[in-house]
1. Starting from segment 17-43, take each residue that is at pLDDT below 90 and list its partners that are open to solvent by 60 Å² or more (accessible area, probe 1.4 Å), counting only C-beta distances under 6 angstrom and pairs at least six apart or across chains.
2. Return the residue satisfying two criteria in turn: it lies in segment 80-90 and is open to solvent by 80 Å² or more (accessible area, probe 1.4 Å) and either of a type outside the set (D, E, K, R) or more than 13 Å from residue 61 (Cβ to Cβ) (or both), and of such residues it is modelled with the highest pLDDT.
3. Restricting the search to segment 23-55, which residues are assigned to a loop (DSSP other than H, G, I, E, B) and of a type in the set (Asp, Glu)?
Amino acid sequence: MRHQRVAAHPYQEMAAEIAGQIDSGELAPGTRLPSVRALAKQHEVSAMTAQKALNQLAQDGYAEAVSGLGYYVTERPAEGEAPADPATLGRQLAELQSTVAELRARVEALEGRS
């Protein structure tokens, strides 16, 4: 079982809750996680908070984003095993860069309307 950290933000609490469900086997590898909107509604938070929780799960190796399909629970490595191979890390980095670019464009569009 993974070391549990104290959650300081709502997205961290959400990520920790879902990670606990994955660690306990309640959510099996390959299971599709709820959408950003569904998580936001379920936890009564903003969509951005739900997205950050899913990003945290992906960063921690609990989930993987599949473009256009959502987030899926990943196979957990055994204790002491590397969490992800370089190809997976490269793909995750590319997805994060894409998300940052999209968010940057949204912010610029919003600032342009002010």
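1. 23/1
2. So, considering only residues that are open to solvent by 80 Å² or more (accessible area, probe 1.4 Å) and either of a type outside the set (D, E, K, R) or more than 13 Å from residue 61 (Cβ to Cβ) (or both), the one modelled with the highest pLDDT is 89.
3. 26, 44
The values are calculated or read from the model by the stated rules, or taken from the named source; none is laboratory data. None of the values given here were measured: they were computed from a predicted structure. Cβ: placed from backbone, ideal geometry, glycine included. Neighbour counts: every protein chain shown. Only protein heavy atoms, including side chains, enter the accessible area calculation; ligands, DNA and RNA are left aside. Shrake-Rupley method; radii C 1.70, N 1.55, O 1.52, S 1.80 Å.
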